[in-house]
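The values are calculated or read from the model by the stated rules, or taken from the named source; none is laboratory data. Just so it is clear, the structure is predicted and the values come from calculations on it, not from any experiment. Here the Cβ positions follow ideal geometry from the backbone for every residue, glycine too, while neighbour counts run over all protein chains shown.
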Amino acid sequence: MPGEELRVGTGVGPYRLALRRLRRNVAALVAAVVFVGIVACCLCAPLYAHYVAHTGPLDNHETERVKVGGHIRDVVSLIGIPIGPTWHSHFLLGADFNGRDVAVRLLYGGRNSLIVGFSATAITMFAAVLIALFAGYYRGWIDSVLARMLDVIWAYPAILLGVAIGTSLSLGGISLGPLKISGDSLYIPALIIGFVNIPYVAKPIRGQVIALREKEFVDAARTLDAGGLRIMMTEILPNLSSTIVVLVPLMVANSILLEAGLSYLGAGVQPPNPSWGTMISDGVRLITTSPFLVLVPGVALVLTVLSINILGEAVRDALDPRAVTRTRR
Amino acid sequence: MTRFIVRRMAQTVIVLVLISIFTFLIFQVIPNGDPAARLAGRTASPDQIRAIARSWGFDQPIYVQYLRTMQKIFSGSVVSYSQQINVVDQIRRGLPATVSLAVGAGVIWLLFGIVVGLLSALRPGRVLDRVLGFLALTAISTPAFVLGAVLLYVFAYRTSILPTGEYVPLTDDPWQWFRHLVLPWISLSLAFIGFYSRVLRGNVLDAKHEEYVRMARAKGLSGRRVMVRHVLRNSLIPIVSLWGLDFAGVIGGGAILIESIFDLRGVGQYAAESISTLDVPPIMVIVMYTGVLVVVVAALVDILYAYLDPRISLNT
């Protein structure tokens, strides 16, 4: 488009251009609406629990009865089958084997899954960028040590390492001097997932840093007597921003998926705390009689991760100067 | 070239030693995980616990315990804490199921990943590309074990078209072997297919704008010939190396979730069970074994790359 190129010449920044491309992407807009909707619903979990369902995420009702369409039914039947979706304010999406309201747990669980996903991503990005900067800028023995450390973490399948650390930490929690995190805290899975994902971010960024340090503007800064730390932060880091922006949604999506897997193996969010992963793993045990216990959290999980992935891909295309050739519109 | 290979192998050995130390340490930080107390059972007296600790060597310093465990691992005589069964035998027992899962799924995901990726790259931005792209992202966004659970419900519990799980050896009954593995293969493959197709699509579209492709066109080669000989060849190399690593991960027990949900009793499920009982020796061996596979394959991939692409410097 000639018009756009003209405006580039008159000083429109790359992010402004990217945003413009992003706004034209219908799929990305739909995904954004879905994602914001899910986050908003999850944030409103306490309101729904208090004003609509009148029960909390940990409240058991297995011996109670509920009136559905004029009939009185057990929340959990005598042979242990929980009630399915009632489409009423009580047990909108059914109950689990403890007679807990699935809809309430879905919202609270979503909140926990999102907290774990986002905190894990924050930990990963912070640590990985720092490691990549030091390893890629200084090279030499610092690079050798850091790169071997990344290789070690990377050689384990993420889920295997996550389960090993998760089992170990969920038993004892963490106590490092003043820092104490109990074993059932949400931050333990977040920390583990954040740690396990570090090499997947640090490795590509390190490569980029190695390329950037040879550029003329870094040489220029060096001749101006700028120190290593200063060059890393003011010369190299800003040039990594588009890579970082592209990797963030990918890592959030991966972290939420890994949380589900770890929780299924008992090494993620600890019961009775709900998360989509723990809800799915509880549901799998009853899948023959109550498939909705897997489907409800499963669909919520897939929808959330899918919307993040669509957004992530759209952001990547929008930031890529060759995006026009990719989507050809 | 030889120097590069030797260097790469030396790095591999260092990483493996670090992996073994790291794995051992993870299980040393468990505060109330005294293995002697667990071995002794609930009614044991302190004396009995002490005796067990002495006979297993738990009273020794950590580095002695580590070296002893490593010695046992390499002589193949390592036994598990909880059941005192030879760990290497157990892994060997799980290997046929894990290898069957990995080989079948690996072939499926490589084949379909390439086909779907090429179909999307053919006419980027058109309807077929969009539909396949959406399906690929959906597959990537679905946890394999959720898919596995839903497939189990539909095809095994609800309709009993397929069995509900467990592994039947190929040598016992090839048809039953196949029937028992169809669902695990599909559940494991879908996300990989989605991911590989996206990577391949990106590679092909990037390669189309490379100078050597423009050069080939300028020489007057036909579109099809440029596509097959230049674009495809260069786009497929990263896919195959990616496949090597993922395949090694699955063979190494990385498909813990799929193995557990379909009760295949493979290496991954053995790892999951050992972790839940805090049984250190099997986890050490499995992690070492996985680490060896992944790190060796990664080194092979690097060497292959250096061999195929002379632009890669052999000094780094």
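What helices (runs of 4 or more DSSP H), lying completely within region B:50-154, carry at least 3 residues that are within 14 Å of chain A (Cβ to nearest Cβ)?
Numbers: elements: B:62-75, B:87-122, B:127-141, B:144-152.
Here the list reads B:87-122, B:127-141, B:144-152.
Checking A:Ala260 against (1) free of Cβ contacts under 8 Å to residues at least 60 places away in the same chain; (2) crowded, with 24+ Cβ neighbours inside 10 Å; (3) at the interface with chain B (Cβ under 7 Å from one of its Cβ atoms), which single condition isn't satisfied?
For A:Ala260, the exception is condition (1).
Only residues that are in contact with a helix residue (DSSP H, G or I) (Cβ under 8 Å, 6 or more places away or on another chain), surrounded by fewer than 16 Cβ atoms within 10 Å (Cβ to Cβ) and part of a helix (DSSP H, G or I): list them for region B:200-222, please.
Once the filter is applied, which keeps residues that are in contact with a helix residue (DSSP H, G or I) (Cβ under 8 Å, 6 or more places away or on another chain), surrounded by fewer than 16 Cβ atoms within 10 Å (Cβ to Cβ) and part of a helix (DSSP H, G or I), region B:200-222 yields B:Tyr212, B:Arg217.
Here are the criteria: (1) more than 9 Å from every other protein chain (Cβ to nearest Cβ); (2) under 23 Å from B:Phe74 (Cβ atoms); (3) not polar (S, T, N, Q). Tell me which single one B:Val231 does not satisfy.
Of the numbered conditions (1) more than 9 Å from every other protein chain (Cβ to nearest Cβ); (2) under 23 Å from B:Phe74 (Cβ atoms); (3) not polar (S, T, N, Q), the odd one out for B:Val231 is (2).
Of all residues in region B:241-260, count the ones that are of a type in the set (A, V, I, L, M), part of a helix (DSSP H, G or I) and touching a residue at least 60 places away in the same chain (Cβ under 8 Å). Show your work before the answer.
Of the residues in region B:241-260, the ones of a type in the set (A, V, I, L, M) are B:242, B:245, B:248, B:250-251, B:255-258.
Subsequent filtering for residues that are part of a helix (DSSP H, G or I) retains B:242, B:245, B:248, B:250-251, B:256-258.
Pick out the ones that are also touching a residue at least 60 places away in the same chain (Cβ under 8 Å) and you get B:250-251, B:257-258.
Matching residues across region B:241-260 total 4.
Give the residues of region A:22-40 that are within 13 Å of chain B (Cβ to nearest Cβ) and closer than 15 Å to A:Glu313 by Cα, sorted by residue number.
Those that are within 13 Å of chain B (Cβ to nearest Cβ) and closer than 15 Å to A:Glu313 by Cα: A:Arg24, A:Asn25, A:Val26, A:Ala27, A:Ala28, A:Val30, A:Ala31, A:Phe35.
Among what's in region A:237-257 and is in contact (Cβ under 8 Å) with a residue 60 or more places away in the chain and polar (S, T, N, Q), pick the residue that is nearest to the other protein chains (Cβ to nearest Cβ).
A:Ser255
Report yes if B:Thr159 is within 14 Å of chain A (Cβ to nearest Cβ) and of a type in the set (S, T, N, Q), otherwise no. Spell out how you get there, then give the answer.
Working: within 14 Å of chain A (Cβ to nearest Cβ): yes; of a type in the set (S, T, N, Q): yes.
Yes: the conditions hold for B:Thr159.
Conditions first: (1) in contact with a Pro (Cβ under 7 Å, 6 or more places away or on another chain); (2) within 14 Å of chain A (Cβ to nearest Cβ). B:Pro169 passes all but one, so which condition is the exception?
Among (1) in contact with a Pro (Cβ under 7 Å, 6 or more places away or on another chain); (2) within 14 Å of chain A (Cβ to nearest Cβ), the lone unmet condition for B:Pro169 is (2).
Taking the stated definitions as given, is B:Ala144 over 25 Å from the mean Cα position of the chain (by Cα), assigned by TED's automatic domain parsing to the domain that holds B:Ile239 and either crowded, with 20+ Cβ neighbours inside 10 Å or touching a residue at least 24 places away in the same chain (Cβ under 8 Å) (or both)? Reasoning before the result, please.
On the way: over 25 Å from the mean Cα position of the chain (by Cα): no; assigned by TED's automatic domain parsing to the domain that holds B:Ile239: yes; either crowded, with 20+ Cβ neighbours inside 10 Å or touching a residue at least 24 places away in the same chain (Cβ under 8 Å) (or both): yes.
Taking the combined requirement at face value, the residue does not satisfy it.
Quickly run through region B:249-266 and pick out the residues that are within 10 Å of another protein chain (Cβ to nearest Cβ) and crowded, with 24+ Cβ neighbours inside 10 Å. Walk me through how you get there before you give the answer.
Going through region B:249-266, the residues within 10 Å of another protein chain (Cβ to nearest Cβ) turn out to be B:249-250, B:252-257, B:260-261.
Residues satisfying the conditions are B:Val250, B:Gly252, B:Gly253, B:Gly254, B:Ala255, B:Ile256, B:Leu257, B:Ile261.
Tell me, which residue of region A:164-194 that is over 11 Å from A:Gln270 (Cα atoms), in a helix (DSSP H, G or I) and more than 22 Å from the chain's Cα centre (by Cα) is modelled with the highest pLDDT?
So the residue we want is A:Ser168.
In region B:57-78, how many residues are surrounded by fewer than 17 Cβ atoms within 10 Å (Cβ to Cβ) and either within 29 Å of the chain's Cα centre (by Cα) or free of Cβ contacts under 8 Å to residues at least 24 places away in the same chain (or both)?
Applying the first criterion (surrounded by fewer than 17 Cβ atoms within 10 Å (Cβ to Cβ)) to region B:57-78 yields B:57, B:59-64, B:67-68, B:71, B:74-77.
Add one more test, that the residue is either within 29 Å of the chain's Cα centre (by Cα) or free of Cβ contacts under 8 Å to residues at least 24 places away in the same chain (or both), and what stays is B:57, B:59-61, B:63-64, B:67-68, B:71, B:74-77.
Qualifying residue count, region B:57-78: 13.
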